[in-house]
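Participant: Below you will find the structure I want to go over with you.
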Amino acid sequence: MECPRCGGAVTEFTLGERSAVVCEDCGYSGVPADLHAEQLDGEESWSEAIARFYENLE
Ligand SMILES: [Zn+2]
């Protein structure tokens, strides 16, 4: 999958029952279209989940 923002390669990962893609080059993050409805419970919590993902990389 390519990043829709910069065209680079994105990293796909899973958090519980959710999955998402993150571009390490430009910082883009998103979810596959068919899972987008599950994001209605809050952009903030999702951003925090992604932040934890990055913390776990180190
Ligand atoms: Zn990108």
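Participant: Could you work out how much longer the chain between residue 14 and residue 47 gets when fully extended? Use 0.36 nm per residue separation minus the Cα distance between them, nm to one decimal.
Facilitator: Net length gain for the segment: 10.5 nm.
Participant: Considering amide H positions built from the backbone, and no H for Pro or chain starts, which residues 5 or more places from residue 11, or on another chain, come under 5 Å of its amide H?
Facilitator: 22, 23, 24
No value in this document is a laboratory result; all are computed from the given coordinates. Computed from a predicted structure; not experimentally measured.
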